[in-house]
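First up is the structure itself, then whatever we jot down about it.
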Amino acid sequence: MSEKTFGKGARVLILGATSGIARATALEFARRGFDLVLAGRDLEEMEILAADARVRCGNGVEIVEFDATNFDSHPEFWHRCGEVDGVICALGVMPPQQESERDWETCRAVIQVNYTACVSVLNLVANDFEARKVGFIAVLTSVAGERARKSNYIYGSAKSGLSAYTEGLRARLFVAGVSVTTVKPGPVDTAMTWGMEKLPLLVPPEKVASDIYRGVRRKADVVFSPAPWRLIMAIMRVVPSFIWKRLDF
């Protein structure tokens, strides 16, 4: 990718900008010389993040209101973003599994935010980048999508679908010179995991942000964060089903 696309003066759009990982990623890219376009619903929180990035890094930072589940608004939203050189999709919600099992509205929100909204807006991004033959896309899925666990299978199924989508998108955009990086974090120390116990390999959001930057920089297809999850999930995928269904996790 060109220095304009990946470096000082390039503009990166961050979808879901107020999440813990997105905040750290915004500062990571700003520190590397990128101008930011922050997108989300919480304008007040984005103003705080924008002010922080401007003071720390001196970058240009814009804010664009974005309602992930208002799908009809996505084309107009994408138009308001102007020309961007990269997109980082950090949309996600993870309510307790039992709430998703018992309440359809909660379950639907998990599916719509973690999968449908991402596909809706990334289709627009892909069409634009493909025509321009430039750009990079990084999409946060999760190790939870590698194999469904009974304690988190609704969230995991949405993230699994998103991983499959990004794999196909990567193949489509390869010939146009557009990179698509699938980022699969394990547990991250953010508000999403607050109060959960016994989380393996828990890392701060700054670690994931650094892995995202390095992965996009080298045009990696898939990034596990932290890296040991690649081996862990490779082992978990081959556990026989008659054993897997008896595991209590």
Q. Taking 0.36 nm per residue of separation and subtracting the Cα-Cα distance, what length does fully extending residue 244 through residue 108 add?
A. 46.3 nm
Q | Separation between Cα centres of region 156-187 and region 1-75, rounded to whole Å | A | 20
Q. In nanometres, what is the gap between the two model label sites at residue 101 and residue 76, each 7 Å from Cα along Cα-to-Cβ?
A. 4.1
Q | Base-10 log of normalised Debye intensity for region 1-140 (one unit scatterer per alpha-carbon) at q = 0.10, 0.12, 0.19 Å⁻¹ | A | -0.33, -0.48, -1.09
Q. Over region 1-129, what is the relative contact order in whole percent, taking alpha-carbon pairs under 8 Å and six or more residues apart?
A. 25
(Q) I'd like the orientation of helix 205-217 relative to the chain: the angle between its Cα long axis and the longest Cα principal axis, in ° from 0 to 90, rounded to 10. (A) 60
Q | Whole-number percent relative contact order across the chain, with pairs defined as alpha carbons under 8 Å at least 6 apart | A | 18
(Q) Just to confirm a number: summing +1 for Lys and Arg and -1 for Asp and Glu over residues other than residue 145 whose beta-carbon lies under 13 angstrom from that of residue 145, what do you get? (A) +3
(Q) Quick check: residue separation of residue 123 and residue 222 times 0.36 nm, minus the Cα distance between them. What number comes out in nm? (A) 33.7 nm
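Each reported figure results from applying straightforward, stated rules to the coordinates on display, with no laboratory input. Since the structure is predicted, the reported quantities are computational estimates derived from the model, not experimental observations. Here the Cβ is made from the backbone with ideal geometry for all residues, glycine too, and neighbour counts use every protein chain on show.
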